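Everything below concerns the one structure shown next.
Read the figures in this text as sums done on the coordinates, not as results from a lab. What you see is a predicted model; the values in this text were computed from it and never measured. Cβ placement follows ideal geometry from the backbone for every residue including glycine, while neighbour counts extend to all protein chains displayed.
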Amino acid sequence: MSATPLLELRGIDKSFGPVQVLRNVDFSVTAGEVTALVGDNGAGKSTLVKCISGIYSIDSGEIVFDGRPVRINSPRDAAALGIEVVYQDLALCDNLDIVQNMFLGREKRSGLVLDEPTMEQMAAETLAGLSVRTVKSLRQHVSSLSGGQRQTVAIAKAVLWNSRVVILDEPTAALGVAQTAQVLELVRRLADNGLAVVLISHNMNDVFAVSDQIAMLYLGQMVAQLRTSEVTHAQVVELITAGRSGGLGLSGDNGDGANGTGTSGADRHDTPPTATTEPGVDR
Amino acid sequence: MTAPTTTAARPLDVPAAPVPTVGSHVRDYLARVRGGDMGALPAVLGLIVLCAIFSVLHDSFLTQGNFANLFTQGAAVTVIAMGLVFVLLLGEIDLSAGFASGVCAAVLAQLVTLRGFPWYVAVLAAIATGALIGFVLGFLVAKVGIPSFVVTLAAFLAFQGVVLLLIKGGTNVSVHDEVIRAIEIRNMPPWLGWAMAVVGIAGYAAVQLLRHRNRTARGLVTEPLAVVWFRIGVLAVLVGTAVHILNLERSHNPLVSLRGVPIVVPIIVLLLVLWTFVLNRTAYGRHIYAVGGNREAARRAGINVDRIRISVFVICSSMAAVGGIIAASRGGSVDANTGGSNVLLYAVGAAVIGGTSLFGGKGRVFDAVLGGAVIAVIDNGMALMNVSSGVKYVFTGLVLLAAASVDAVSRRRATATGNR
């Protein structure tokens, strides 16, 4: 671990009725790094992301943001902390242009009237900061953009708000080879710009191409969170599908010990979430 | 490691888009039209063709008297269509708008004629009735989750009954109030028409030029100044011509003078400016387009979708109330047929003919005015030629069908070219 994590989840539990979807999950995201979140279908990736983004509330466990325990009860709480999610199905309005989409729901106004010039300038600056060179005009409708360009707009929308954590849900799932490369380059650049990036992906090539750390979920448990340089392709696949690989992953009984070597929350002691006044919780 | 290592080295190309010229602007427009984004073009062409046909077929179509008639005949439908644009923008429909206007007109007649309230109380009550109707409809659609087609179809039947109940069955209630009657049957003095025209054109020019200057000063891509001036010029010519013709003497009786812009015209212009401002320049309007374009995306962007859906029905029914007031002003009475027969279909037709999509997400308030003009020309021209009601209905139906086909075809074409 080169730096303290910006966002840290400790012992997260989440159940839907009798079904426990997340079991004692630890997860940490560091600023300036891409953390890949991988796992098979139904492993709990989406649920974990929805807990972080405030769509679901957690049953127990602790979320620490920038060294302080926080409660995230609604998407607004998450947005206030600077956590933005780029959803798989993009959530863009085809009939609006790029600027309008980027500011949707958070329009800049002067008085009652929309402040279009300011919004357009901010959008241009954000896209320039991400070195996006592929869009012709900021005033073209999103419907006329390619899949990669749409993804770019969706990501730029998330970055616009001085966000600190950007979670990307399968950003390359629907893209061709060239566009995938484009988006991955953008993902890398977000991290290089100092953001903490969470990349959810099924594509191991993408994961190994851009990530600094890989967190692996298996049936609702975090089997390991490792530096990308310390694992091989085969190990990751094994951890995702079987929950363990050699000395890594879950130990024999699958209740405790849900951490491999190098995980962040190694010696977890369940801090009650009421201790909100303590600034830096020890690790 | 958090330093932005790569950005500094890369070129910042986004703001350096090519500066548009008049030529590129025209080319862009033609490309958009070919790509299926035809905007007002079909309606404008249709209007010109229809006017040409009717003026050939009947001498009195192109007279100043008939020109004024077009405005007063089309006013109610146009105003109702303006409200419908909001509902159509969400991909919903309000089939009850016609009879909602009837109900509101009946409320107006009740208060002003039978109970002797002053006109402004009656007008406010009528509009409030419309707002209430719209709230109930919107609530049933957004919160209860009944499809708008069904809710408003039920309301269509029910309001027909409410009109009958309000005017105590069968008979009609006359509206004699001077102010209310004046909306449709009185004209402004010629000088006032000119003054309003000048103020309107100057206001439009000021807004357009200021926006252009503001954008240029900020280094944003702007359309060429020539295009801005061209638009201002076109507006000035059209408005000037219309005011000039309306200010001509159109009375056949030498003892009575009949000239000037009908009072209903500035009312329509005012509503057009108001609602265009709301749709284009406020966050609320932006959210209406967003909900119409992609409801889920709007919800995730933190927009209160239910509130937007309810509000458009409130706007629609309130505008229907205004339409009802205009209809009562024109007819001088309210009967069981006020807002009935073809009013609703004409209004929906006006919005769609003008270019508002039935699929949601695309449309402007101006579409209602443009489409309302087409409808008024058809209605008026047919009446002049003394064709039977049968022919008139068939022809209007065909025009509506043609407009809906243009909408569907251009939409398909737009999807193919990624233009929408």
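Size descriptors for chain A, from the alpha-carbon set: Rg then Dmax equal 19.1, 63 Å. Are any of the pairs A:Lys136/B:Lys362; A:Lys136/A:Lys157; A:Lys14/B:Lys143; A:Lys45/A:Lys157; A:Lys108/B:Lys362 more than 27 Å apart by Cα-Cα distance, and if so, which? Table pairs above 27 Å Cα-Cα are A:Lys14/B:Lys143.
Inter-chain neighbour count for A:104-117: the average number of beta-carbon atoms from partner chains within 10 Å of each residue's beta-carbon is 5.
Between B:Arg34 and B:Ser251, what FRET efficiency comes out of the Förster formula 1/(1 + (r/R0)^6) with R0 = 41 Å and r the beta carbon distance, rounded to 0.05? Efficiency for this residue pair is about 0.30.
Residue exposure proxy: A:Cys93, B:Cys51, B:Cys316, ordered by other Cβ atoms within 10 angstrom of their Cβ from fewest to most, comes out as B:Cys51, A:Cys93, B:Cys316.
Remark: spin-label model distance B:Val234-B:Ser60 equals 3.4 nm, labels positioned 7 Å along the Cα→Cβ axis. Of the residues B:Glu249, B:Glu178, A:Glu62, the one with the fewest other Cβ atoms within 10 Å heads the list, and the complete ranking is B:Glu178, B:Glu249, A:Glu62. So which residue, out of B:Ala128, B:Ala195, B:Ala76, gets the largest mean-square fluctuation from a GNM of chain B using Cα contacts under 10 Å as springs? Per the Cα network of chain B with a 10 Å cutoff, B:Ala195 tops the list.
To the nearest 0.05, how large is the calculated FRET efficiency for A:Ser15 and A:Asp77 if R₀ is 22 Å and r is the Cβ-Cβ distance? Taking R0 as 22 Å, the efficiency between A:Ser15 and A:Asp77 is 0.55.
Using C-alpha pairs below 8 Å separated by at least 6 residues, the relative contact order for the range A:91-161 is 47 percent. Shielding of peptide A:185-192 by partners, expressed as the average count of other chain Cβ atoms within 10 Å per residue Cβ, is 2.
By the Cα gyration tensor, chain B has an equivalent ellipsoid whose semi-axes, rounded to whole angstrom, run 38, 28, 21 from largest to smallest. Under a model in which nothing but the beta-carbon of Lys, Arg (+1) and Asp, Glu (-1) is charged, the range A:91-161 shows a dipole of about 160 debye around its Cα centre. Placing one identical point scatterer on every Cα of the protein assembly as shown and ignoring solvent, what is log10 I(q)/I(0) from the Debye formula at q = 0.06, 0.08 Å⁻¹? Debye curve over Cα of the protein assembly as shown, log10 I(q)/I(0) at q = 0.06, 0.08 Å⁻¹: -0.46, -0.74. Using the Kyte-Doolittle scale, find the helices of chain A whose mean hydropathy is at least -0.5 and whose Cα atoms extend 15 Å or more along the helix's long axis, counting only whole DSSP H runs. Helix filter hits for chain A: A:116-129, A:147-159, A:177-192. Taking A:Asp26, A:Asp94, A:Asp206 in turn, the Gaussian network model of chain A (Cα-Cα springs below 10 Å) assigns the largest fluctuation to A:Asp94.
Positive contributions from Lys and Arg (+1) and negative ones from Asp and Glu (-1), summed over other residues with Cβ under 14 Å from the Cβ of A:Gly194, come out at -1.
Among A:Glu107, A:Glu116, B:Glu296, A:Glu33, a tally of other beta-carbon atoms within 10 Å of each Cβ gives an order, fewest to most, of B:Glu296, A:Glu107, A:Glu116, A:Glu33.
Taking the average, over residues, of other Cβ atoms within 10 Å as the packing measure, peptides B:340-348, A:230-238 rank B:340-348, A:230-238 from highest down.
Once C-alpha pairs closer than 8 Å and six or more residues apart are averaged by separation and normalised to the residue number of chain A, the relative contact order reads 26 percent. Going by a ≥ b ≥ c, the root eigenvalues of the Cα gyration tensor, does the range B:218-366 fall in the rounded group (a/c under 1.5), the prolate group (a/b larger than b/c) or the oblate group? Oblate is the answer for the range B:218-366, as a/c is 1.5 or above yet b/c matches or exceeds a/b.
Dipole check for the range A:1-143: with +1 at the C-beta of Lys and Arg, -1 at the C-beta of Asp and Glu, and the Cα centre as origin, the magnitude is about 80 Debye. If only the Cβ of Lys and Arg carry +1 and only the Cβ of Asp and Glu carry -1, the dipole of the protein assembly as shown around its Cα centre is close to 1840 debye.
Neighbouring Cβ atoms from other chains, within 10 Å of the Cβ of residues in B:361-367, number 1 on average.
Fully extending the segment from B:Tyr393 to B:Phe149, taken as 0.36 nm per residue of separation minus the present Cα-Cα distance, adds 85.6 nm.
I'd like the distance separating the alpha-carbon centroids of the range B:203-260 and the range A:214-231, in whole Å. With the range B:203-260 and the range A:214-231 each reduced to a Cα centre, they are spaced 66 Å. How many angstrom separate the Cα center of the range A:151-184 from the Cα center of the range B:279-298? First find each Cα centre; the distance between them is then 23 Å.
Kindly identify the range A:91-161 as rounded, prolate or oblate by the Cα gyration tensor criterion: order the square roots of the eigenvalues as a ≥ b ≥ c, call it rounded if a/c is under 1.5, otherwise compare a/b with b/c, prolate if a/b is larger, else oblate. Here the range A:91-161 falls in the prolate category. Its relative contact order, with pairs defined as Cα atoms under 8 Å and 6+ residues apart, puts chain B at 36 percent. Which FRET efficiency value, to the nearest 0.05, is calculated for B:Arg413 and A:Gln140 with the Förster distance at 25 angstrom and r the Cβ-Cβ distance? Calculated value: 0.90. Relative to the longest principal axis of the Cα atoms of chain B, helix B:389-417 runs at roughly 10 degrees.
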